[in-house]
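See structure below.
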Amino acid sequence: MMTSHEIRRHFLDFFRSKQHLIVASAPLVAKNDPTLMFNNSGMAQFKDFFLGNGTPPSKRVADTQKCLRVSGKHNDLEDVGFDTYHHTMFEMLGNWSFGDYFKKEAITWAWELLTEVYKLPKDRLYVSVFQGDSTDNVPFDQEAFDLWKPIVGEDRIIYGNKKDNFWEMGDTGPCGPCSEIHVDLRSPEEVAEKPGKDLVNADHPQVVEIWNLVFMQFNRKADGSLEPLPARHVDTGMGFERLCMAIQQKRSNYDTDVFSGTIHVIEELSGRKYEAGTGMADVAMRVIADHIRAVSFAIADGLVPSNAKAGYVIRRILRRAIRYGYSYLNLTEPFMTKLVPTLAMQFADVFPELNAQRDFVATVIREEEISFLRTLGTGLGRLDQIISDLGEKGTKEIPGETVFELNDTFGFPADLTALIAREKGLTIDETGFQKALQEQKARLGKMQPHRQVTGSNWPKPTGLSLLATTSQKPMRIL
Ligand code: GLY
């Protein structure tokens with residue numbers, strides 16, 4: 001069986017053989033881009049090249065990029081753990097043409113790599129092309145259709161709308177029609193029952209998109225209009241973890257060797273076996289195996305859990321994982337910190353920044369765990385009481401003031417309260433929470449202008465400011 005290391009290496013070697021320069025991943029945290037908090041796709045670090053505002057080191061580039069989809073236009077956080085193929089942090093394998101080759105090469109090379117190098121069965125692959133959109137005045141992608149037809153045959157082509165087949169990095173920025181490649185990983189019996197084509201883009205865990213070929217032609221402006229880019233480019237993104245699932249013939253990303261090492265440590269720490277099922281203990285193991293990657297790499301890239309902006313996103317992800325471990329695996333002592341060494345070793349060759357700062361990352365996570373575990377049990381007890389009181393009154397919504405109290409007193413981010421509420425069939429009053437938060441900010445602002453207002457403050461270890469500057473690396477070339 002091809003290992004995940006080999007799968008990654010084959011991708012980079014393949015594009016090297018097609019005269020691509022292999023570059024290193026940019027940090028998870030997006031730099032110098034006010035429209036983006038985290039790098040959410042491989043192309044984010046190349047945005048300026050598409051817009052014509054910079055010169056790429058080569059007209060052909062390939063890499064594997066650490067991506068985080070937890071905020072803004074691309075946000076998969078709520079699906080993580082419950083399904084088997086979404087992640088907060090994932091690797092995106094990508095090849096780029098900056099005003100060089102276009103659809104023909106992108107399509108033929110993608111097919112060659114998938115079927116000749118990775119040997120994915122041709123009769124399990126489907127492709128989609130953009131059907132056009134009259135509001136944006138962008139026509140049906142006839143060129144992509146004409147290129148795919150002799151390769152896969154017309155009956156394997158799906159016509160996709162703007163939601164699925166017009167890729168945009170954010171509300172503004174470079175964009176264009178795209179052509180996705182989907183794989184059907186079901187058993188022959190399941191395939192005989194229903195054609196894979198009917199399950200494309202239908203959220204089926206075994207019929208998933210693996211590669212998106214984007215043909216960058218436009219810039220979406222703040223007023224919503226599209227303007228043509230100075231040149232036409234190719235931006236492709238292939239989900240590494242899903243690709244490994246397809247090549248290793250697994251039913252879940254978590255069954256591949258990308259995650260098995262971490263899951264094994266979680267099994268040892270919790271004394272429970274991972275059953276790959278839908279029970280909450282298995283969900284918790286998947287959530288933890290996913291979240292530790294996002295948190296560890298974000299810290300290695302210069303972030304620390306905090307009460308503001310990107311640091312707060314990391315804190316929320318970490319606290320979410322801690323609570324899953326606490327409630328469903330009985331992990332009441334710091335445990336996330338113990339997963340860092342396995343992860344650091346696993347990625348030492350491709351993302352050496354984690355191994356280089358392994359102890360620091362483990363310390364930051366441990367401190368955050370100690371701090372949150374101090375209040376978690378009492379906070380959960382209080383929330384149980386609140387939920388039971390509401391049940392007696394027949395109310396299904398937790399008031400904003402209560403969500404605020406849990407946040408302020410026990411360090412429960414509002415989305416964590418919402419998650420726990422949802423497990424019990426309740427919702428939270430998000431607007432009321434925001435109002436209470438603003439009122440407190442205004443109150444404290446008058447009294448102590450410099451104090452942070454919510455949650456407990458994480459004690460800063462030494463070396464923090466040094467780390468924050470080391471992440472500001474220019475694009476590295478491998
Ligand atoms: N930029 C291509 C993708 O993220 O799918």
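The values are calculated or read from the model by the stated rules, or taken from the named source; none is laboratory data. All figures in this text were calculated on a predicted structure; none of them were measured in a lab. Positions of Cβ are generated from backbone atoms using ideal geometry, with glycine treated the same way; all protein chains shown enter the neighbour counts. Accessible surface is based on the protein model in full, side chains and every heavy atom, while ligands, DNA and RNA are left aside. Shrake-Rupley method; radii C 1.70, N 1.55, O 1.52, S 1.80 Å.
Odds and ends about this structure:
- Reciprocal mean inverse distance between Cα atoms of the range 91-203 - Kirkwood radius, Å: 15.3 Å
- Nearest 10 degrees, 0 to 90: helix 4-17 Cα axis against the chain principal axis: 40 degrees
- A full extension of the chain between A192 and Q385 corresponds to an added length of 64.4 nm, given 0.36 nm per residue minus the alpha carbon distance.
- With Cα atoms, 0 to 90° folded angle of helix 358-393 axis to the chain main axis: 70 degrees
- Assigned charges on the beta-carbon of Lys, Arg, Asp, Glu; the range 228-356 dipole about Cα centre (debye): 500 debye
- Here the range 64-111 exposes an accessible surface that is 46 percent carbon and sulfur, computed with a 1.4 Å probe and the other protein chains kept in place.
- Mean projected area (nm²) of the alpha-carbon convex hull when the range 131-256 is viewed from all directions: 8.8 nm²
- Dipole moment magnitude, nearest 20 debye, the chain about Cα centre, only Lys, Arg, Asp, Glu C-beta charged: 1280 debye
- Diffusion constant of the range 78-125 at 25 °C, which comes from Stokes-Einstein with the Kirkwood Cα-pair radius and 0.890 mPa s, µm²/s: 182 µm²/s
- Seen from L419, the other residues with C-beta closer than 11 Å to its C-beta sum to a net charge of +3, counting Lys and Arg as +1 and Asp and Glu as -1.
- Nearest 10 degrees, 0 to 90: helix 400-410 Cα axis against the chain principal axis: 80 degrees
- For the range 10-146: rounded, prolate or oblate by the Cα gyration tensor [a/c cutoff 1.5]: rounded
- Between E439 and K424, the contour length at 0.36 nm per residue exceeds the Cα-Cα span by 2.5 nm.
- The packing ranking of peptides 126-132, 378-384, highest mean first, is 126-132, 378-384, where packing means the average number of other beta carbon atoms within 10 angstrom of each residue.
- Dmax and Rg, reported as Rg then Dmax, of the chain (C-alpha, Å): 23.1, 71
- Carbon + sulfur, % of accessible area of the range 115-263 - ligands and nucleic acids excluded, 1.4 Å: 46 percent
- Charge dipole (the chain, unit charges on Cβ, about Cα centre) - positive-most of V283, Y126, T402: T402
- The apolar share of the surface of the range 299-438, taken as the fraction of accessible area on carbon and sulfur atoms (1.4 Å probe, ligands and nucleic acids excluded), comes to 52 percent.
- Gained length - E267 relative to N75, 0.36 nm times residue gap less alpha-carbon distance: 66.3 nm
- Three-way shape label, the range 243-285, alpha-carbon gyration tensor, a/c 1.5: oblate
- The range 1-149 - percent relative contact order, Cα under 8 Å, separation 6 or more: 20 percent
- Modelled label reach - R366, point 7 Å along Cα→Cβ, the range 283-307 residues with backbone N closer than 14 Å: none
- Figure legend: label point modelled 7 angstrom from the Cα of K18 along Cα→Cβ; residues of the range 89-109 with amide N under 18 Å from it are 92-109.
- Whole-number accessible area per residue in Å² for the chain, which is evaluated in the context of all protein chains at 1.4 Å: 42 Å²
- Radius of gyration and Dmax over the Cα atoms of the range 139-207, both given in Å: 14.2, 44
- For the range 194-305: relative contact order, % (alpha-carbon pairs under 8 angstrom, 6 or more apart): 15 percent
- Rg ratio for the range 286-328: its Cα radius of gyration over 2.2 N^0.38 Å, N being its residue count, equals 1.10.
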